[in-house]
1. Multiply the residue separation of Tyr121 and Met1 by 0.36 nm, subtract the distance between their alpha-carbon atoms, and state the gained length in nm to one decimal.
2. Kindly provide the Kirkwood hydrodynamic radius of the chain in Å, to one decimal, from all pairs of distinct alpha carbon atoms.
3. For the range 1-27, list residues with backbone N below 14 Å from a point placed 7 Å from the Cα of Leu73 toward its Cβ?
4. Helix 57-98 versus the longest principal axis of the chain: what angle, 0 to 90°, nearest 10, using Cα atoms?
5. Sorted from largest down, what three extents in whole angstroms do the Cα atoms of the range 54-118 have along their principal axes?
6. Computed over the Cα atoms of the range 78-154, what is the ratio Rg over Rh, Rh following Kirkwood?
7. If you average the sequence gap of Cα pairs under 8 Å that are 6 or more apart and divide by the length of the range 4-152, what percent do you get for the contact order?
8. Can you run phi through the Karplus equation (6.51, -1.76, 1.60; θ = phi - 60°) for the range 11-22 and list ³J(HN,Hα) in whole Hz, with x for Gly and Pro?
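The values are calculated or read from the model by the stated rules, or taken from the named source; none is laboratory data. Bear in mind that the values here come from a model prediction, so they are computed numbers and not experimental data. So basically every Cβ, Gly included, is an ideal-geometry build from the backbone, and we count neighbours across all protein chains shown. Surface accessibility is based on the protein's heavy atoms, side chains included, excluding ligands, DNA and RNA. Shrake-Rupley method; radii C 1.70, N 1.55, O 1.52, S 1.80 Å.
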Amino acid sequence: MASVFKKLISKELGESCYNKYFFSFQKRMASKNYNTKVFDNEEIFNDIYNRLKDKDILVLTKMLERLSDTMFLAMRITRTFIFALFFYLFACGFIIYEGLLPIITVVSLLVLSGCFIYKTYEFVVNKFCFIDAHIIIVYKAVLDMLIIKASKRM
C-alpha cells in the first residue's frame with residue numbers, strides 16, 4: 001500500500017517522476033545537507049513547473065482540487081485512527097464479555113484484528129511519509145504559482 005500522496009503524484013505526473021523526486025529528496029537527506037524544516041527543492045520545483053507550465057487554468061484548478069481532496073483524505077486517515085483503536089478495543093471486549101462459543105469468539109477476534117491491522121498499516125504509511133509530504137508541498141507551490149500567473153493573464 002502506498003501513501004495517498006504517492007498515489008496522487010504518481011497519477012498526476014507519472015510513476016517515473018515520483019521515483020525521481022523521491023530519490024532526489026532521499027539522496028539530499030542521506031548526504032545531510034538538507035534542512036527538513038525548509039520545504040524547497042529547486043530541482044524538483046523546476047521539473048514540475050516545466051511539466052505543468054503549458055496546462056490550461058481549468059486543468060490546473062482540477063489538479064489543485066484533487067490535491068486538496070488528497071490532503072483532506074490524509075488528515076482524515078490520521079484523525080480517525082484513534083476512533084478505530086477505541087472501536088477495536090470495545091468490540092474485542094464486547095465479544096469476549098458475551099461468552100459466545102469459543103470458535104465464534106476466535107474467528108470474530110481474528111477478523112477484527114485483521115481489519116485493525118489494515119487500518120494501522122494505512123495510518124503508519126500515511127503518517128510517516130514525510131518525503132511524500134515534501135514533494136506535495138513543492139507540487140502545491142508550483143500549482144499555486146501557475147494558477148496565479150494564469151489568473152493575472154486573464
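1. Going from the current span to full extension adds 42.4 nm.
2. With all distinct Cα pairs of the chain included, I get 18.1 Å.
3. Flagged as within label range: 1-13.
4. Tilt of helix 57-98: around 10 degrees.
5. 65, 18, 13
6. That ratio is 1.37, to two decimals.
7. The value is 44 percent.
8. These are the phi-based 3J(HN,Hα) values: 6, 6, 10, x, 5, 5, 5, 4, 4, 5, 5, 4 Hz.
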